Amino acid sequence: MEKKIFERPYIKKIRAGMPSKFGKPVKIDPLPFIDDLPVEELIKQYGSPLFVISEKTIRETFRKAKMAFETRYPRVQFAWSYKTNYLDAVCRIFHQEDAWAEVVSGFEYEKAEKNGVAGNKIIFNGPDKSLSDLKKASENDSLIHIDHFDELYDLIEVAKKMDHKPRVAIRVNMDTGVYPIWDRFGFNYENGDAWDAINRIVRSEKLELSGLHCHIGTYMLSTEAYRRAASKLGELAVRAFHRHNTLIKYIDIGGGFATQNTLKGAYYQGYDTAPSFDEYAESITSALLDVNFPDNKLPLLILETGRALIDDAGFLLGTVLANKRLSGGNRATILDVGVNNLFTSFWYDHEVNPVKDTSDHFEESTFFGPLCMNIDVIRDAISFPLLRKGDQFVIKRIGAYNMTQWMQFITYRPNVVLIDINGSTHVIRKMEDLNAVTAGESVPDHLQKI
Amino acid sequence: MNPLKLTIAVTGLNNTDNPGPGIPVIRGIRDSGTIQPRIIGLAYENLEPGIYMHDMVDKTYTVPYPSSGTGNLMERIREIHEKEHIDVLIPNFDAELFTFMKGIEELNRLNIKTFIPTLQQYEERHKANLPEYGKKYGVNVPDSFTVASPGDLKKIRDHFDFPVVVKGKFYDAYIARSQEQAEIYFKKISAKWGVPIIIQEFVRGTEVNVVALGDGNGGTVAAVPMRKLYITDAGKAWSGISLDDTSMLDLTYHIIRSTKWKGGMELELIRTSDNKLYVIEINPRIPAWVYLAVGAGQNIPEALVRLAMGIPVQPMKTYKTGIMFIRYSYDMITEVKEFEKLTINGEL
Amino acid sequence: MKLKKSIAISESGFVFDPMSGESFSVNEIGMEILELMKQDQPVDAISEYFVKTYDVEASDFEKYFYDFIGMLRQYQLIEDNEPA
């Protein structure tokens with residue numbers, strides 16, 4: 001006789017109540033395949049937890065974004081934001097798609113060089129550029145985006161010893177109707193600092209003011225803010241031309257586009273509120289097209305969007321380690337995925353999908369990670385189908401920031417596997433081992449013997 | 001004329017001391033005489049009184065919250081539609097409207113009719129956008145700004161003197177008389193409705209309200225002004241009276257004409273001591289006190305259903321003034337069996 | 001380890017405790033366990049039944065069973081409140 005499928009027995013108290021923020025649980029679809037490869041097989045072959053990146057999704061997403069802008073504006077260039085995900089394989093996919101590199105440190109700059117990006121296609125952002133960084137970037141004819149006056153004077157010093165003028169832009173922060181204003185980066189528009197910086201660059205005669213840059217925030221759900229930002233940069237460019245006869249060659253609108261992840265504290269699901277590439281593109285390009293640029297020459301529009309290009313392509317696969325009942329009777333589920341791997345769980349309510357078809361019964365649980373540390377919570381109060389030890393799950397939309405902000409804490413970081421467009425898998429970062437983690441350590445003689 | 005047989009789905013069955021508009025809307029429809037309705041209740045929680053009011057609601061189904069995503073809610077509506085063949089759907093919560101607007105194409109495809117504002121109309125009247133709205137349409141509004149974190153509350157002092165009004169994205173409004181109170185209300189509201197929170201200048205005066213219905217082409221089909229006579233601790237009207245006030249009607253006509261508002265709306269206004277009207281909020285749906293309008297001679301729920309069905313409605317220009325509503329509570333008796341059916345099967 | 005006598009279990013998976021006025025929902029497996037407990041079946045017999053009928057090992061079943069009993073105890077649905 002065929003035995004029946006066993007589901008964990010379960011009883012829950014019925015909440016009697018009036019409308020509140022949390023409602024009837026809804027069916028959660030299983031996610032058994034990623035790009036047609038069975039999740040079970042991937043875990044069997046490469047272990048759990050496991051990061052999986054879909055090359056197909058990256059290329060499709062990139063092309064969709066490019067199309068949204070290029071159909072609205074004649075001169076568009078994307079630059080891959082290294083900090084979002086700087087695994088070499090990932091960066092190279094974007095470079096193959098013709099994206100430049102956008103880096104924010106000497107380390108990221110080295111990575112871009114190693115990936116074969118030409119110096120004049122590297123945008124160097126951020127508040128931390130050493131003198132030697134500035135020198136190298138100047139020699140390589142990279143686009144240096146100046147963050148503060150101290151850096152501006154450093155760069156003028158560097159430029160004095162050069163036989164060509166370094167190409168620079170200033171980063172501008174401004175009021176776009178979105179708060180808080182990211183005024184810690186760059187020069188403020190409203191208080192005149194940005195204009196002041198432009199004047200000093202031009203007067204120095206050592207630097208070539210090529211562009212204007214802004215990055216108004218992160219996870220921006222308002223496309224209107226981009227419209228305002230693009231208008232203000234456009235206005236600065238026109239003013240620079242009339243005052244100094246300086247032609248601004250490009251406007252870099254930065255990144256910050258939202259993805260469909262749901263921010264903690266948001267009422268609606270991210271996939272209902274996140275604007276599409278078309279909506280962002282419409283706001284930005286229509287604002288630029290409204291500006292009366294000198295001689296009707298439109299500047300190059302540079303975009304540094306990172307998150308929106310890579311989030312959907314990343315998956316984190318994991319396994320249930322245990323079920324527990326907490327002192328108040330609440331359920332707890334312990335996963336082998338923790339905040340060490342999923343840094344973004346600090347600000348998103350990540351969507352989790354079971355791998356197999358599940359029961360219709362839901363229970364409210366908390367998803368804890370495996371770390372021996374209280375803050376290791378992946379999802380607070382999630383309503384989820386009953387899980388048993390050994391059940392596998394997939395966390396979607398994790399391609400951005402996790403594979404850079406992850407921590408080597410308590411345990412090794414897992415394998416990262418790329419599924420290429422033909423459906424073949426490649427380990428693009430192998431799981432750490434003791435040697436990898438301790439490679440930089442050394443033990444003084446007097447501690448050799450214990 | 002034969003009455004129109006229609007299946008009408010209605011949300012907002014929470015007819016408690018802080019009532020949703022569902023039951024008053026249903027009463028209006030049932031009173032109409034021209035519509036013979038089958039009322040389908042859509043409930044979010046198992047104790048919404050309307051579920052158990054079988055003389056008002058013929059059948060109730062539970063539905064997932066809008067916060068669970070448009071796809072999930074629409075899937076449930078599809079399921080219900082297969083059984084019930086819904087003709088008209090009347091959403092009664094602010095928080096739902098966004099979701100139904102997102103799902104409007106699907107509703108059209110299913111041939112479920114609605115009469116709700118467009119996404120643009122909905123967004124621009126949003127509390128957070130009110131200052132711009134005032135400028136654009138030439139109406140007086142209090143100044144306001146939005147905050148996303150408690151730290152931002154420090155900015156209150158740069159903008160206003162206390163008291164200020166602390167408002168949630170959809171619901172809840174508190175008058176904060178100090179920084180500390182503002183912080184408390186911020187936490188209270190954001191825990192329930194998320195961020196952003198709106199900080200609004202406090203306008204002194206008498207609060208008056210209008211319930212109205214716009215035809216989507218700039219015409220006002222119905223409008224009845226009212227003053228609350230007594231307000232509960234939760235800030236809800238306990239009693240109110242219809243007013244003869246041309247300036248309020250003119251303002252309503254102006255707003256509906258210039259925005260081409262489609263659907264029900266509630267204007268919350270403050271009349272200041274120098275007799276100016278300030279718009280403090282525009283709710284994009286019928287309010288819970290709509291039955292006062294029915295009582296005063298303008299059956300707004302009936303008119304809304306007819307408009308949704310594409311039947312022209314003559315603008316209602318008159319109503320009786322001095323009509324009052326007084327809310328009361330009532331202990332309905334039911335059995336745990338009923339509760340069981342709804343909770344386990346999701347329908348009753 | 002006995003279920004409270006007054007507890008009403010309906011086929012739909014709805015459990016009502018008239019003493020506390022609380023109601024609960026159970027899944028099919030939980031309901032079967034409750035039925036067997038109502039018939040005062042000993043733990044061994046319950047386990048034997050499940051291992052025979054379902055695709056589950058005895059040790060696994062024990063783990064989930066006691067977890068379930070823990071929930072019943074938490075909800076005060078069990079009469080003698082001694083640990084099993």
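What does the C-alpha gyration tensor say about the overall shape of the range A:306-450? Classify as rounded when a/c is under 1.5, otherwise prolate if a/b is larger than b/c, or oblate.
Note, shape of the range A:306-450 comes out oblate.
Roughly how tilted is helix C:58-74, in degrees to the nearest 10 and between 0 and 90, from the longest Cα axis of chain C?
10 degrees
Give, ordered by residue number, each residue of the range B:61-103 whose 1.4 Å probe accessible area is reduced by a minimum of 50 Å² on adding the remaining protein chains to the chain alone.
Those residues are B:TYR65, B:SER67, B:PHE98.
Okay, which of the range A:372-406 sit inside 20 Å, backbone N to the point 7 Å along the Cα-Cβ direction of A:GLU60?
Answer for the range A:372-406: A:394-400.
To the nearest 20 debye, what is the magnitude of the charge dipole of the range A:55-310 about its Cα centre, counting +1 on the Cβ of each Lys and Arg and -1 on the Cβ of each Asp and Glu?
Rounded to the nearest 20 debye, it is 320 debye.
About its Cα centre, how strong a charge dipole does the range C:8-74 have in debye, to the nearest 20, once Lys and Arg get +1 and Asp and Glu get -1 at the Cβ?
With only Lys, Arg, Asp and Glu charged at Cβ, the dipole is about 180 debye.
For B:LYS276, give me every one of the lysines with a C-alpha distance below 21 angstrom, ignoring sequence neighbours fewer than eight places off in its own chain.
Cα-Cα hits under 21 Å: B:LYS127, B:LYS135, B:LYS136, B:LYS228.
Using Cα centres only, tell me the gap between the range B:74-111 and the range A:130-150 in whole Å.
Using only Cα atoms, the two centres lie 56 Å from each other.
Where is the GNM fluctuation largest for chain B (alpha-carbon springs, 10 angstrom cutoff): B:GLU82, B:GLU45, B:GLU207?
B:GLU82
Scan chain A and report its longest stretch carrying no GluC sites (Glu not before Pro) that are both in a DSSP loop and have at most 10 other Cβ atoms within 10 Å.
Between the exposed loop sites, the longest stretch runs A:206-440.
Using a/c under 1.5 as the rounded threshold, could you call the protein assembly as shown rounded, prolate or oblate? The axes a ≥ b ≥ c are square roots of the C-alpha gyration tensor eigenvalues, and prolate needs a/b larger than b/c, oblate otherwise.
oblate
Please report how far the C-alpha centroid of the range A:384-450 lies from that of the range B:35-69, rounded to the nearest whole angstrom.
Using only Cα atoms, the two centres lie 49 Å from each other.
Considering only protein heavy atoms, what is the solvent-accessible area of A:LEU207 at a probe of 1.4 Å, reported in Å² to the nearest 10?
Taking all protein chains as shown, A:LEU207 has close to 10 Å².
Quick one: net charge around A:LEU42, please, counting Lys, Arg +1 and Asp, Glu -1 for every other residue with C-beta under 13 Å from its C-beta.
Net charge around A:LEU42: -3.
Kindly point out which whole DSSP H helices in chain A project their C-alpha atoms 24 angstrom or further along the helix axis while averaging a Kyte-Doolittle hydropathy of -1.0 or above.
Span-like helices, by this rule, are A:223-244.
Using a 1.4 Å probe on protein heavy atoms only, how many Å² of accessible area do B and A hide from each other, summed over both chains and rounded to 100?
2500 Å²
At a Förster distance of 30 Å, what's the computed FRET efficiency of C:GLU48 paired with B:THR334, Cβ-Cβ distance as r, to 0.05?
Calculated value: 0.10.
Give the carbon-plus-sulfur fraction of the accessible surface of the protein assembly as shown in %, rounded to a whole number; probe 1.4 Å, heavy atoms of protein chains only.
49 percent
Evaluate peptide B:338-347: per residue, the Cβ atoms of other protein chains within 10 Å of its Cβ; return the mean as an integer.
Mean shielding count: 4.
Under a Cβ-only charge scheme (Lys and Arg +1, Asp and Glu -1), can you give me the dipole magnitude of the range B:32-153 about the Cα centre, in debye to the nearest 20?
In debye, rounded to 20, the range B:32-153 gives about 260.
Rounded to the nearest 100 Å², what is the sum over both chains of accessible area buried where B meets C, with a probe of 1.4 Å?
500 Å²
What residue among A:ILE14, A:ILE382, A:ILE395 has the largest mean-square fluctuation in a Gaussian network model of chain A, using Cα springs under 10 Å?
A:ILE14
Shape of the range B:48-188 from its Cα gyration tensor (a ≥ b ≥ c, root eigenvalues): rounded if a/c is under 1.5, otherwise prolate when a/b > b/c, or oblate?
It is prolate, given that a/c is not under 1.5 and a/b is the larger ratio.
If you plug each phi of the range B:206-218 into the Karplus form 6.51 cos²θ - 1.76 cosθ + 1.60 with θ = phi - 60°, what whole-Hz ³J(HN,Hα) values come out, in order, with x for Gly and Pro?
Whole-Hz 3J(HN,Hα) from phi for the range B:206-218: 9, 7, 10, 9, 10, 9, 8, 9, x, 8, x, 10, x.
Accessible area lost on pairing A with C, both sides, 1.4 Å probe, Å² to nearest 100?
By this definition, chains A and C bury close to 2400 Å².
What is the sum of charges, Lys and Arg at +1 and Asp and Glu at -1, for the other residues whose Cβ falls under 11 Å from the Cβ of A:LEU387?
Once positives and negatives cancel, what remains is +2.
Which residues of the range B:145-177 end up with at least 10 Å² less accessible area in the presence of all protein chains than when their chain stands alone, using a 1.4 Å probe?
Residues shielded by partner chains are B:THR146, B:ALA148, B:ASP152, B:LYS155, B:LYS169, B:PHE170.
Considering only protein heavy atoms, with the full assembly of protein chains and a 1.4 angstrom probe, order B:PHE160, A:PHE107 by accessible area, largest first.
Of B:PHE160, A:PHE107, the descending order of accessible area is A:PHE107, B:PHE160.
Please calculate the 1.4 Å probe accessible area of B:TYR291, with all protein chains present, and give it to the nearest 10 Å².
Accessible area, nearest 10 Å²: 60 Å².
Can you give the accessible area per residue of the protein assembly as shown, in Å², using a 1.4 Å probe?
About 44 Å² of surface per residue is accessible.
Residue-wise, which Karplus ³J(HN,Hα) couplings in Hz belong to the range B:258-275, taking 6.51 cos²θ - 1.76 cosθ + 1.60, θ = phi - 60°, and x for glycine or proline?
Values per residue, Gly and Pro as x: 6, 9, 6, 4, 10, x, x, 8, 10, 9, 9, 10, 10, 9, 7, 5, 8, 6 Hz.
So what's the net charge close to A:TRP406: Lys and Arg +1, Asp and Glu -1, counting the other residues with Cβ under 12 Å from its Cβ?
Around A:TRP406, the charge tally is +1.
What ³J(HN,Hα) values, in whole Hz, does the Karplus curve 6.51 cos²θ - 1.76 cosθ + 1.60 give for the range B:67-79 when θ = phi - 60°, with x put for Gly and Pro?
Calculated HN-Hα couplings, in order: 5, 8, x, 4, x, 5, 5, 5, 4, 5, 4, 4, 4 Hz.
Pairs of alpha-carbon atoms within less than 8 angstrom and 6+ residues apart define the contacts here; what relative contact order does chain A have, in percent?
Worked out over chain A, it gives 20 percent.
Probe radius 1.4 Å, ligands and nucleic acids left out: which of A:LEU447, B:LEU307, B:LEU130, A:LEU326 has the largest accessible area, and how do the rest follow?
Ranking A:LEU447, B:LEU307, B:LEU130, A:LEU326 by accessible area, largest first, yields A:LEU447, A:LEU326, B:LEU307, B:LEU130.
From largest accessible area down, sort B:GLU48, B:GLU132, B:GLU79, C:GLU32; use a 1.4 Å probe on the protein chains.
B:GLU132, B:GLU79, C:GLU32, B:GLU48
How crowded by other chains is B:14-21, given as the mean number of beta carbons from other chains within 10 Å of each beta carbon?
Going residue by residue through B:14-21 and averaging, the value is 1.
Can you give the extra length, in nm with one decimal, that the chain gains between A:LYS430 and A:ARG239 once fully stretched, where that is 0.36 nm per residue apart less the Cα-Cα distance?
Answer, rounded to one decimal: 63.6 nm.
May I ask you to find the residues of the range A:144-185 that are shielded by at least 40 Å² of accessible area once the whole protein assembly is considered instead of their isolated chain (probe 1.4 Å)?
At a threshold of 40 Å² (probe 1.4 Å), the residues of the range A:144-185 that become less exposed are A:TYR179.
Do the sum for the protein assembly as shown: with -39,500 (n - 2.57) for every DSSP H run of n ≥ 4, divided by all residues, what is the mean residue ellipticity at 222 nm, to the nearest 500 deg cm²/dmol?
Helix contribution divided over all residues of the protein assembly as shown: -9500 deg cm²/dmol.
To the nearest 10 square angstrom, what accessible area does B:VAL141 show with a 1.4 Å probe?
Its accessible surface works out to 30 Å², give or take rounding.
Of B:GLY219, B:GLY264, B:SER239, which is farthest along the charge dipole of the range B:204-326 in the positive direction, counting Lys and Arg as +1 and Asp and Glu as -1 at C-beta?
So the residue we want is B:GLY219.
The values are calculated or read from the model by the stated rules, or taken from the named source; none is laboratory data. Here the structure is a predicted model, which means the values were calculated and not measured. Quick reminder, even Gly has a Cβ in these numbers, built from the backbone with ideal geometry, and neighbours come from all protein chains shown. The protein model used for the area step is the full one, side chains on, heavy atoms only, and it has no ligands, DNA or RNA in it. Shrake-Rupley method; radii C 1.70, N 1.55, O 1.52, S 1.80 Å.
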